[in-house]
1. Mind checking the mean number of beta-carbon atoms from other chains within 10 Å of the Cβ atoms in B:9-22?
2. For the pair A:E237/A:Q109, report the inter-label distance in nm, with labels modelled 7 Å from Cα in the Cβ direction.
3. Obtain the nm distance between the two label points defined at B:L161 and A:E174 by a simple spin-label model: each point lies 7 Å from its Cα along the Cα-to-C-beta direction.
4. Under a point-charge model restricted to the Cβ atoms of Lys and Arg (+1) and Asp and Glu (-1), what is the dipole moment magnitude of the protein assembly as shown relative to its Cα centre, in debye to the nearest 20?
5. What is the Cα centroid distance between segment A:254-285 and segment B:169-232, reported in whole angstrom?
6. Let me know the shape class of segment A:1-89, please: from the alpha-carbon gyration tensor, a ≥ b ≥ c as square roots of the eigenvalues, rounded when a/c is under 1.5, otherwise prolate if a/b is greater than b/c, or oblate.
7. Using only Cα atoms and rounding to the nearest 10 degrees, what angle (0 to 90) does helix A:166-180 make with the longest principal axis of chain A?
8. Which Cα, out of A:G180, A:L192, B:A152, lies furthest along the positive dipole direction of the protein assembly as shown (beta carbon charges, K/R +1, D/E -1)?
Amino acid sequence: MDIQVQNLTKKYGRQKAVDQLSFDVRTGEILGFLGPNGAGKTTTMKMITCFLAPSDGDVSVGGFSILKDQQKIKRSIGYLPEHNPLYLDMAVIDYLRFSGAIQGVKKSQLGDRIKEMIRVCGLNKEKHKKIGELSKGFRQRVGLAQALIHDPEVLILDEPTTGLDPNQIVEIRELIKHIGSQKTVILSTHILPEVEATCDRIIIINNGKIVAEGTPENLRKEASGTEISHVRIEDGERDAVFQRLQELETVAMVDLLPNGAFSIESQLEQTSRRDIFRLCVENGWVLTEMTPVERDLEDVFRNVTIEN
Amino acid sequence: MGSIITIARRELSTFYDSMIAYMLLGGFLALCGFFTWLYGGFFGRDVFFSGQASIAPFFGAAVVLLWIFIAALSMKLFAEETKTGTLELLLTKPVTDWQVVMGKFLACVSLIFVALLCSLPYYFTVAWLGPVDHGAVWCGYLGLLLVGSTYAAIGIMCSSLTDNQIVAFLLTIIVGIIFLFIFSLLSAYTSGMAAKLFDYLSILTHYSSIARGVVDSKDIIYFLSIIGFCLMSTVTVLSRRKIAD
């Protein structure tokens, strides 16, 4: 089931939380929705799930509009809201039964679906406990289980791994990846390694607008642009080395790092590493370190979301 | 209809799981019994001191006690769900706002129904002691069910206005005071049209006319219209989130 977001806008008073947002998500795709706090991620998700009405624009989920066919859309969406709200005084199994019934799962299938969810989400030992007695990690699994109980075609997860320990994060990510291969998933987060690990495509939004879009690899490439290496050269006089490095044709800029190494930025779309090696050989210097500096998504994120 | 029942059943199971239901039922029955048998002077004539088999004190006490118990019962229905965020999750399920409100209302009404059922032994024992106007008693029960449902609708509306349960409780109590006592007082101190109006607005006017055994469509319409108004207001409050400004 594809999702098309068209010129989606939400105003709170005079402030625009979401501003003319447009993007598509295809079946079998996991879309990472990134942005600083208050960028409009949650508001966008609340509109897709028909909780909030947009001030302008429309979202179509599998051909149905959120303005007209809310009940049909709600049937095909599984939603895990931010902070994972649950009825703490209910037992896990009772809560799943309630969620299934209200999602319209047929009575004859409900028992099997509950068993399936308990198995998939690893809740077997906890199924008779009250949700309030569970740890945060298990609550998160219950949240996922209720979102998946009716085998929805669209899955919307608002910060699904907040507050989990590293092991749980890995487990939940694996689960999402596994499920996401056949469904349409939108996942919001501000944890960057998370999107790299789980998402096929990333949208970064800031102030309600898209500021960057693409696969994790593309975005990283875009961010790096020029090649940067950290280089340590010994047995040569520092000023002379600096001078000669600067004179290399493929080198754009040389910087002296506080620890005595050089940071060398190559010319656009060129590599200077072979030239640096040859220079050292010619002059009898010893190259003791050459580390390529990887730019990561964090740089992209910072570049596009920090103003000025 | 299925969704309404699913929601109502969840609410009821919460009532029973968390002891709220038992405390309220127990408290309601104990206090009603106290006023019926021992201290009825406050609401009429009790059985022991007057030496008469009369169930009037029960109906006098129940209408006030129900008001306090229902306020305690309904205060959490929306306030708590708004605060914890479960309301958002519930409203993104394939249910309409109406179904959510009706489900919660139905849960309240069924608990009131159970409370009234549990009080039937009082009626039977009084009837065993002496002659009782059975028709009037059944009408009284109908009146209590209507009044209870009205309190529940008021309580649900107050609960939807805030995310603080205590505020919801106090609001319900205040609205109850107005409908139970203030309107009667005002009608006593005014005259002409104003007195008639306040008298019409008072819950006690309609309740006592039903409890006397006169089931008039006018009284039933009064209760149903308050219930309708409160539930509609609740739906409106819920749909506030959808207002595009």
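Just so you know, all these numbers are worked out from the coordinates, no wet-lab data involved. All values reported here derive from a predicted model rather than from experimental measurement. Cβ atoms come from the backbone with ideal geometry, glycine included; neighbour counts cover every protein chain shown.
1. Numbers: counts 3, 9, 0, 0, 6, 4, 0, 0, 5, 1, 0, 0, 0, 0.
Mean partner-chain Cβ count within 10 Å for B:9-22: 2.
2. With each label point 7 Å from Cα toward Cβ, the separation is 8.1 nm.
3. According to this spin-label approximation, the distance is 5.2 nm.
4. 2740 debye
5. Taking the Cα centre of segment B:169-232 as reference, the centre of segment A:254-285 is 89 Å away.
6. On the way: a/c = 1.32, a/b = 1.03, b/c = 1.28.
In terms of gyration-tensor shape, rounded.
7. That helix lies at roughly 70 degrees to the long axis.
8. B:A152
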